[in-house]
Amino acid sequence: MIWANVAIQGMLLGGLYALFATGLALVFGVMRMVNLAHGDLGILAAFVALFIIQTFGLPLLWASVVTIIIMFLVGYVLQRGLLNHTLGVDDTRPIVVTFGLSIIIQNALIMKFSADSQGLDAGKIENISVKITNQLSIGWFPLIVFVIAIVVIAALQFFLARAKLGRAFRATSDDREAAELMGINNKHIYSLAMAIALAIVAVAGILLAIRTTFDPTQGSFRLIYAFEAVIMGGMGSMWGTLLGGIVLGMSQTIGTQAFGAGWGLVVGHLVFLTVLAVRPSGFFAKTVTA
Amino acid sequence: MSTPDVTTPPEATPAFRIARSTRMHKYVLAVSVLIVVLLAAGPFILQFVNGVQPVSTMRNLVTLFTLLALAQMWNLLGGYAGLISVGQQAYIGLGAYGLWLLGDVLHLHPFVAVFAAGLLAVAVALPVAPLIFRLRGGYFAIGTWVIAEVVRLVVSNIQATGGGSGKTVISAARLPIDTRITGTYLLALFVAVGSILLVYFLLRSRLGLALTAIRDNDLAAQSSGVNVFRSKLLVWVIAAYGCGVVGAVVAMNLLRIQPTAAFTVNWTAYMMFIVVIGGFGTIEGPIIGAVIYFALLQSLSQYGTLYMLLLGIVAVIMVTVAPKGIWGYVAKRWNLHLFPVRRRLVLESPPPGEDTKPAESPDAAVAESA
Amino acid sequence: MSVVLELKDVDVFYGDFQALFNVSFEVEEGMTFAFIGANGGGKSTLLRTIAGLQRPSSGHVLFHGEPVDQFAAHKRVGMGIALVPEGRRVFPSLTVRENLIIGAYGGRKGDWNVESVVELFPLLKPLMKRQASSLSGGEQQALAIGRALMSNPELLLLDEVSLGLAPVVIKRIYEAMVLLVGSGHTILVVEQDVQHVLTVADYVACFLEGKISLEGKPSDLSSEAITAAYFGM
């Protein structure tokens, strides 16, 4: 029964990975940009929430809401003020700038908060489990995270499919210039996409901070796992990203159970590399592998 | 490549040839050789004068030389082949571990092991290539990072390589201290100069021409008969080797190898920032960038985190404001190219109907490869 | 008749390459103005400049007497200028219906909506739920024109609508265009297919290497003159 437990844990962990991945995929889908600071921005959100709680004494839920709003605005300004200017020339500029951003965020966080591990306290809910059978129980919190992931992805899909703005996102993604001819302002759309992406990654960062400890250097790992989930899931598919996250999560937990803590992560990476080798466009590819 | 002398019927077009070097280049060459000789002989001269080796200066210069070599490698990948890698630390670290493996375990002389260690990096870089070449742009970058992560994790988990705490490079530590310090210094200098020469000759070759085409337009290059995959693979392997050798030199300088330090992504940060500040896609750029970076490192290194933060800010500003780097600005402003990689059109006789003296056109590069 | 569009001494560059040289002309309300000429003559650049995708390096584009050069393309849609770009450029991942709806995104109020567009192009009716990428060239062209109409433009710019289409399809497109011509829009048409466009145009200008080499009413111009101007003989 231990394997079933491990598999389910991995699946739920995948939900968290999918949350990190969704924003990355959204930004790439709309403006073909890979944000190397994506993971760090999620960690930044966790620190913002921590700061709000410590400084203003707000309860976690309210601090989270405020943080999400802040990160939404940060995303808009970041894209409009800086990142938009790096687009369109070649691939290298956004990579270098977002990598630079990653270094800036990590080191700024270390300077302000030190490199120590931190945690966000959500109270009892972190520890209670729901019992399925005599040998199988699932933690409430991981389950909640998984459900949130599904809700967020479903909401995003709905937005893209039905909302006027969502349609504009898709049109811009298809053909930027033709979208301009429809009255769609690219700069604004890009900025909104980044804003939404950062709002989502803020949720992911906060949930991560509750689930486990976090520190300023965690962002790089979050980025890598998010990336692996996106690639495995297939670019252009949000639900694929969820599946990719699940596969990654399960690979890691099963790997840990089978080979020990250090190797669990390696197994995850190896599964990713295998998928990349065998099915490079991912499980549900809609677009050609970029 | 030779400079062909092409003459056409005198009435039709003025005689011309395609040349690479100017008189200025010959001066640059002379000055460069002088600098290298001074750097190589310097410690010996100073030892003769002062009676003791300038050890700390030499160790510092090793840092400069290794940074310079790394920057050339990163630039080769990113600035010329269009492969922006954020995971070269994999090969740097592998080179470091390679030194230990070849020196301590296989008992090669450390100075030889340094060059063989690069092969360990190549051994990983080769099979990895067909996988990550499926990715493009930003996703390719992260892919290289994944590889670095995998290597780091594997090395950290294996007890034989010292696990998380690493190992001491005994074979190097056992060398007489003077030999080691001088040897490391000269090796580093050799690697730095070697990397510059390597990139220079590469660019002058057919591969260099192919790279320029690939950098400009992948698909067009492919349809012109350029074997894109092979060209990229070659550059990828060369860069991995170069990074590996540098990693080995660093390990010899520090005498310790340890996964976190060997495989830290900070290596990428240094390489990227040097190239960004100095000048992307040129040979001169990384040299300038390395010198500037090194100077900053000397004065600000005690500030650690703040230093990295400032570095990041400067890099972001540079890319947005001066994307071609300092050298890019200089080269454009004063039309200066120290390394004769470009091909120029030289008029042998005045064009018919004009009274002007024979002119050299500095800019009419047939292939823009700088 | 009021002047809807005026170009005054417009120069347009693509980097170092000059595509338009000192172009000037006027378009009156309700007029159908055709631009013909060989490839690379600058016709597409002209329409793109009017639509806002290119900026003139000197000279002005005046819409109802007011310069619009400072307005980005997405703003001009709201002013009543709509471009059907070269190559159709429908949104491949959107359905036909969604393509039409998005045409109205930044547009104005007016008579054109999904129903009236489908009336103009009945071939679109059974295709509403299909992804635009699966449409044939002619269907995509109809969709692209319909999409531009959804913004209820005053000035409609059509760039090479017959390019790459079968003669039968071109005929149908032009039948629809005749209806458009009669409905009060001011239309600028760029075409390589001289024969068809002269049947609907009130006025024609021929572009050669970025300059107007010939202009006038179709009835006033002989085919020899047009051929000469087209090829620069």
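Every number here is computed from the coordinates shown, using simple stated rules; none is lab data. Every value quoted in this text rests on a predicted model; they were computed, and no experiment measured them. Methodologically, a virtual Cβ is constructed for each residue, glycine included, from the backbone with ideal geometry; neighbour enumeration extends over all protein chains shown.
Shape class for segment B:106-163, computed from the alpha carbon gyration tensor (a ≥ b ≥ c): oblate, with a/c not under 1.5 and a/b at or below b/c.
Taking amide H as placed 1.01 Å from N in the peptide plane, C:F35 has its amide H under 5 Å from the amide H of C:V189, C:V190, C:E191, C:A205, each at least 5 places away in sequence or on another chain. Neighbour counting of Cβ atoms within 10 Å sorts the residues C:F207, A:F158, fewest neighbours leading, into A:F158, C:F207.
Using C-alpha pairs under 8 Å with a sequence gap of at least 6, the mean separation divided by the residue count of chain B gives a relative contact order of 27 percent. Annotation: segment C:3-231 has a Kirkwood hydrodynamic radius of 17.7 angstrom, from the mean reciprocal C-alpha pair distance. Against the longest alpha carbon principal axis of chain C, how many degrees, from 0 to 90 and to the nearest 10, is the axis of helix C:167-181 turned? Taking Cα atoms only, the helix is inclined about 80 degrees. R0 = 60 Å: FRET efficiency of C:K171 with B:A40, Cβ-based, nearest 0.05? It comes to 0.15. Calculate how steeply helix B:177-204 sits against the longest principal axis of the alpha-carbon atoms of chain B, using the helix alpha-carbon long axis, and give the answer as 0 to 90 degrees to the nearest 10. Roughly 30 degrees between the two axes.
For segment A:20-219, the residue among A:A155, A:M194, A:A178 whose Cα projects farthest onto the positive side of the dipole built from Cβ charges is A:A155.
To the nearest whole number, what is the average tally of beta carbon atoms from other chains within 10 Å of the beta carbons of peptide B:144-150? Before the final figure, lay out the partial values.
Numbers: counts 0, 6, 10, 2, 1, 6, 8.
Per residue, the average neighbour count from other chains is 5.
The mean number of partner chain beta-carbon atoms within 10 angstrom of a residue's beta-carbon across peptide B:304-314 is 5. Beta-bridge orientation, segment C:3-231: approximately 55 percent antiparallel, per DSSP, counting only bridges with both partners inside.
Take each residue of peptide C:99-109, count the partner chain Cβ atoms within 10 Å of its Cβ, and average: the result is 4.
Peptides A:181-194, A:67-80 ordered by packing proxy, namely the average of other Cβ atoms within 10 Å per residue, highest first: A:181-194, A:67-80.
Using the average count of surrounding beta-carbon atoms within 10 Å as a protection proxy, the listed peptides A:41-47, A:146-152 rank, highest first, as A:41-47, A:146-152.
Among B:M58, A:M33, B:M73, sorting on how many other beta-carbon atoms sit within 10 Å of each Cβ, with the fewest leading, yields B:M58, A:M33, B:M73. Label zone of A:I150 (point 7 Å out along Cα→Cβ, amide N under 20 Å): in segment A:1-28 this covers A:4-23.
With both labels modelled 7 Å from their Cα along Cα-to-Cβ, the A:F113 to A:V130 distance reads 3.0 nm. A simple spin-label model places pseudo-atoms 7 Å from Cα toward Cβ; at B:Q222 and A:A277 they are separated by 2.3 nm.
Within the same chain, aspartates and glutamates fewer than 8 places from B:K167 are excluded, and of the rest, those with a Cα less than 14 Å from its Cα are B:D104.
Taking each of C:K43/C:K171; B:K26/B:K324; C:K75/C:K109 in turn, the alpha-carbon distance tops 18 angstrom for C:K43/C:K171; B:K26/B:K324. Of all beta bridges that DSSP places with both ends in the protein assembly as shown, some 65 percent have antiparallel geometry.
How charged is the neighbourhood of C:F21? Take every other residue with its Cβ under 10 Å from the Cβ of C:F21, and add Lys/Arg as +1 and Asp/Glu as -1. Walk me through the numbers before you get to the answer.
Working: positive: C:K211; negative: C:D9, C:D11, C:E209.
Summing Lys and Arg as +1 and Asp and Glu as -1 gives -2.
Selection among A:S114, B:L189, B:L336 by position relative to the dipole of the protein assembly as shown gives A:S114 as farthest towards the positive end (Cβ unit charges, Cα centre).
The gain in end-to-end length when the A:T217 to A:L82 segment is fully stretched comes to 46.3 nm, 0.36 nm per residue minus the alpha carbon separation.
Residues B:Y97, C:Y174, B:Y303, C:Y203, ranked from the fewest to the most other C-beta atoms within 10 Å, line up as B:Y303, C:Y203, C:Y174, B:Y97.
Would you compute, from DSSP H runs of 4+ residues alone, the mean residue ellipticity of the protein assembly as shown at 222 nm, taking -39500 (n - 2.57) per run and dividing by the full residue count, rounded to the nearest 500? Intermediate results must be reported in sequence, preceding the final value.
Details: 34 runs with 531 residues, N = 893.
Here the helix-only value at 222 nm equals -19500 deg cm²/dmol.
For C:E26 and C:L221, what is the calculated FRET efficiency with R₀ set at 22 Å and r taken between the beta-carbons, to the nearest 0.05?
Working: r = 18 Å, r/R0 = 0.82.
FRET efficiency, C:E26 to C:L221: 0.75.
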